[in-house]
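Below is one structure; the comments refer to it alone.
Every number in this text was worked out from the coordinates using simple rules, so none of it is lab data. Since the structure is predicted, the reported quantities are computational estimates derived from the model, not experimental observations. A quick note on method: Cβ atoms are made from the backbone with ideal geometry, for glycine too, and the neighbour counts reach across all protein chains shown.
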Amino acid sequence: MHSDELDVITLEHVSKRYYLRSQRPQELKTAILHLPSFLRTDHRRRPFWALDDVSLNVRRGESIGVIGPNGSGKSTLLRIVADLARPTTGTVQVNGRISALLELGAGFHPQITGRENAVLNAVLLGLTRKEADERLPEIIAFSELGDFIDQPMRTYSSGMYIRLGFAVAVHVKADVLLVDEVLAVGDTEFQQKCFSHIEKLRAEGVTIVLVSHDLGSVTRFCDRAVLLQHGRIQIDGESQPVVHEYLSRITALIGQPVSS
């Protein structure tokens with residue numbers, strides 16, 4: 001694929017290799033008692049390709065959903081786009097500031113307050129300290145954390161982590177918003193608030209990449225969807241047909257008809 005001036009994300013022949021142990025590590029006592037067999041066992045790591053020759057262009061202002069079964073490479077793809085992981089082979093280019101909400105609690109320090117973490121994360125996402133301080137009232141209001149904003153984050157529930165993480169992510173005025181499955185955590189009312197804000201960002205021309213098992217959300221919020229399986233792109237097209245095809249494949253495995 002060749003990018004042009006409208007492309008904000010370009011991946012060309014991207015692969016990502018991890019290594020898996022060929023055998024689960026044993027307790028020291030067990031290893032010593034069975035030392036001869038332990039020494040004979042092949043403990044070499046074997047390669048696992050989380051992504052395998054993925055090429056993908058995302059245009060400015062586009063909303064794209066990334067779907068597929070567990071272990072298909074969805075989160076790895078987002079981590080590479082966010083520059084949290086480097087590809088083993090291939091190239092990645094992103095034009096613009098990225099804001100990412102990928103892992104519960106990622107980037108937060110449990111010993112400092114929510115307020116301090118909000119400022120710190122906003123700066124890490126590219127704002128100046130002055131800009132972070134200016135956005136802070138909006139972030140706090142959106143999170144609805146009340147007095148908890150001045151409590152150490154080690155006292156927060158998973159839902160409270162998501163409230164603050166999402167509030168920061170969507171108020172740094174990024175060009176690209178990456179959202180992983182984390183919005184599945186927390187209460188329904190706040191989820192709806194988040195999705196409404198995603199709609200607002202779409203209208204403002206922010207590029208959105210959403211990884212989700214909630215296929216209804218993908219068809220609702222995404223113009224386009226990519227189906228990943230075994231680290232490879234299987235289908236890339238308009239969200240509704242791609243989601244329907246994915247459901248067809250799932251239901252074929254269990255012998256159930258697909259409802260239209």
**Prompt:** Using a simple spin-label model with points 7 Å from Cα along the Cα→Cβ vector, what separation in nm is obtained for Ser196 and Leu20?
**Reply:** 4.3 nm
**Item:** Separation between Cα centres of the stretch 77-121 and the stretch 196-212, rounded to whole Å
**Value:** 17 Å
**Request:** Go ahead and estimate [θ] at 222 nm for the chain from helices alone: -39,500 (n - 2.57) per DSSP H run with n ≥ 4, summed, over the residue count, rounded to 500.
**Result:** -11000 deg cm²/dmol
**Message:** As a test of understanding, state the convex hull volume per residue of the chain from its alpha carbons, in Å³.
**Reply:** 174 Å³
**Request:** With a 10 Å radius around each residue's Cβ, average the other Cβ atoms per peptide and rank 135-147, 8-20, highest first.
**Result:** 8-20, 135-147
**Complete:** Summing +1 per Lys or Arg and -1 per Asp or Glu among the other residues with Cβ less than 12 Å from Trp49's Cβ gives +2
**Item:** Gain in span if fully extended, Leu6 to Arg60, counting 0.36 nm per residue against the direct Cα distance
**Value:** 18.9 nm
**Prompt:** Are there any helices in the chain, counted as whole DSSP H runs, that stretch 18 Å or more along their axis by Cα and score at least -0.5 on average by Kyte-Doolittle, and if so which?
**Reply:** 239-254
**Fill in**
With R₀ set to 22 angstrom, the calculated FRET efficiency between the beta-carbons of Gln234 and Ala184, to the nearest 0.05, is 0.45
**Prompt:** With a sphere of radius 15 Å drawn around the Cβ of Ala132, what net charge do the other residues whose Cβ falls strictly inside it have (Lys, Arg +1; Asp, Glu -1)?
**Reply:** +1
**Request:** Add +1 for every Lys or Arg and -1 for every Asp or Glu among the other residues with Cβ under 9 Å from the Cβ of Val242, and state the total.
**Result:** -2
**Message:** List the residues, sorted by chain then number, that are 5 or more residues from Arg59 or on another chain and whose placed amide H is less than 5 Å from its amide H.
**Reply:** Val8
**Asked** Using 20 Å as the cut-off for backbone N distance, which residues of the stretch 99-118 belong to the label zone defined by a point 7 Å from the Cα of Asp133 along Cα→Cβ?
**Response** 113-118
**Prompt:** Applying the Karplus parametrisation 6.51 cos²θ - 1.76 cosθ + 1.60 with θ = phi - 60° to the phi angles of the stretch 61-70, what ³J(HN,Hα) value in whole Hz is obtained for each residue in order, glycine and proline being reported as x?
**Reply:** x, 7, 10, 10, x, 10, 10, x, x, 4
